[in-house]
Amino acid sequence: MNRADGRRQTADGRRQTADGRRQTADGRRQTAGQNFQHEKSSHCRPGLGRTESGLGQFFRLLLVAGLWLTLCGFGVGDQTPTEKARGLSFMDTDPIKGFIGGSLIIRKAKSERTLDTYYVYWGNNADQEIAELGRFYKTGGDIQRTLSSGITIPQGATRLIVKTGKNDYIMDDGINIPLVDLSEKSYPVHTARGLDVRQLVIDMGQVSGSVTIERSEDESDITRYYLYWADSPENPVSNIMYAPMEMLKPGENITFIFQAKIPLPSYATHLLVLTANDTGMMKNGISISLREPVPTQLPREIMFQDLYSESGIIGGDIGIFPPREPHNIRHYHIYLGIDANTRVTQNTFVASVPVNSSYFIHPTALPAGTTHLLVYPANRGGESSMHASVPLVDITPEVANSIQLGPFINC
């Protein structure tokens, strides 16, 4: 019995030892759980425990910086132009001291893709803006405006500044020129030497060709040349072009080319060239009349051969031989006539042929009753009232001959 009791006591001891070990393990688990709860609360409670990661801080700073750049006008919304105007010109014509008025010209930027407006400011000697003088929307070409007299010059204004802008985004720098009050300076006294219009063509109210300004022998008081349509030898009406000295090559004359035929202004009787400087424009320049006396000489001979066999259609070469010493003849106007003296009532004009040249008349339908070609000498002054004529023969396949007749003169 004692031996059995001893065995039971030994087993009980072993069970107590196992229970102690389980209690010790439970204690460790409780301690680990407390540590986990403490660590979890440190992450979740603001201001305690660990801070956010470095990557999170980087994205937070990037977001703040982007917002700041947007608010300050940088970044995607920025539309500040990158192209400046290529030139600025102003000539004061107001004789009263402290006031201006006159011609303002802005030479367009080389590319206007990034801009829509030119802003003109009063500026001081430090090229700083004092006030806005005006704003002008782009036109695709140079901007020319006449400022009314009586505009007060702000105190401290010594320059004019032009900047480009778009949607009220204005570039930081522009170009500037001195502001010259007419009352304090003098006009140029030297004129251009001449005006060459030999390559100018005025025909049927349309202008084409070119004119050449022969520059002054003394340009000491000249900074630019102006070419005008004028209604008299002295009175400019509409500016055609201007040429600043800085754009010209030394000793080279100025040639202006009409890129396409344009209507001759109804008032224009002269071309007028004036010289100018920062003070203003000279009062008297050089001019040439556009209304030369109309020609009075008739062609010596007219030759025409119809090359089209279709009935009622003519076409072919026409040769008009001018007088041996033509005077003021620049071209010939060709019309269809019902006889040697009378034009047809509709579709009468055929062509304008430069003097001393041949011309091919393209296939032309003949109105009923057409019997002649009428030829009128013409020049910049207009068309002569006198004409020559040649009979028309509508060629058929069986008939092919050249008509060579002297002019039938009609006054």
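The values are calculated or read from the model by the stated rules, or taken from the named source; none is laboratory data. Remember, predicted model here, so these are calculated numbers, not experimental data. No Cβ is skipped: glycine too gets one built from the backbone with ideal geometry, and neighbour counts run over all protein chains shown. Note: areas computed on protein heavy atoms with side chains; ligands, DNA, RNA excluded. Shrake-Rupley method; radii C 1.70, N 1.55, O 1.52, S 1.80 Å.
Zone of E234 (label point 7 Å along Cα→Cβ, backbone N under 17 Å): which residues in region 268-312?
269-275, 281-289
Under 19 Å from a point 7 Å along the Cα-to-Cβ line of D221: which residues of region 242-278 have their amide N that close?
245, 273-278, by backbone N distance to the label point.
Charges only on Cβ, +1 for Lys and Arg, -1 for Asp and Glu: so what's the dipole of region 250-380 about the Cα centre, in debye to the nearest 20?
380
Would you be so kind as to identify which of L274, I313, A365 lies farthest towards the positive end of the dipole of region 264-388, taking Lys and Arg as +1 and Asp and Glu as -1 on Cβ and the Cα centre as origin?
L274
Between A260 and D168, what FRET efficiency follows from the Cβ-Cβ distance if R0 is 41 Å, with the result rounded to 0.05?
Values: r = 36 Å, r/R0 = 0.89.
Calculated value: 0.65.
If I ignore ligands, DNA and RNA and count only protein heavy atoms, how much of K108 is accessible to a 1.4 Å probe, in Å² to the nearest 10?
40
Give the calculated FRET efficiency between N124 and S357 to the nearest 0.05, with a Förster radius of 35 Å applied to their Cβ-Cβ distance.
On the way: r = 61 Å, r/R0 = 1.74.
Taking R0 as 35 Å, the efficiency between N124 and S357 is 0.05.
Check each of the chymotrypsin sites (Phe, Trp or Tyr not before Pro) in region 222-279 and keep only those in coil by DSSP with at most 10 other C-beta atoms within 10 angstrom; list them in order. Intermediate results must be reported in sequence, preceding the final value.
Numbers: sites: Y225, Y226, Y228, W229, Y242, F256, F258, Y267; in loops: Y267.
Filter output for region 222-279: empty list.
Simple spin-label model, 7 Å along Cα-to-Cβ: Y137 to A365 in nm?
Label-label distance for Y137 and A365, simple model: 4.4 nm.
Could you rank R324, R145 by how accessible they are, 1.4 Å probe, largest area first? Before the final figure, lay out the partial values.
Values: R324 200, R145 95 Å².
Accessible-area ranking of R324, R145, largest first: R324, R145.
Using a 1.4 angstrom probe on heavy atoms only, work out the carbon and sulfur share of the accessible area of region 113-156 in %. Walk me through the numbers before you get to the answer.
Values: 1120 of 2610 Å².
The C+S portion of the solvent-accessible surface of region 113-156 is 43 percent.
Which of the lysines could a cross-linker span from K97 if the Cα-Cα distance has to be under 26 Å and same-chain partners fewer than 8 positions apart are dropped?
Cross-link targets: K185, K283.
For H270, which sequence-distant residues (separation of 5 or more, or a different chain) have an amide H within less than 5 Å of its own amide H, given hydrogens modelled in the peptide plane?
A230, S232, L290
Please identify every one of the GluC sites (Glu not before Pro) in region 242-347 that sits in a loop by DSSP and has no more than 16 other beta carbons within 10 Å of its own beta carbon.
Details: sites: E246, E252, E301, E310; in loops: E252, E310.
The qualifying sites are E252, E310.
If the cut-off is 19 Å between C-alpha atoms, which lysines fall inside it for K84, apart from same-chain ones fewer than 8 positions away?
Once the sequence-local lysines are set aside, what remains near K84 is K108, K110, K138, K163, K166.
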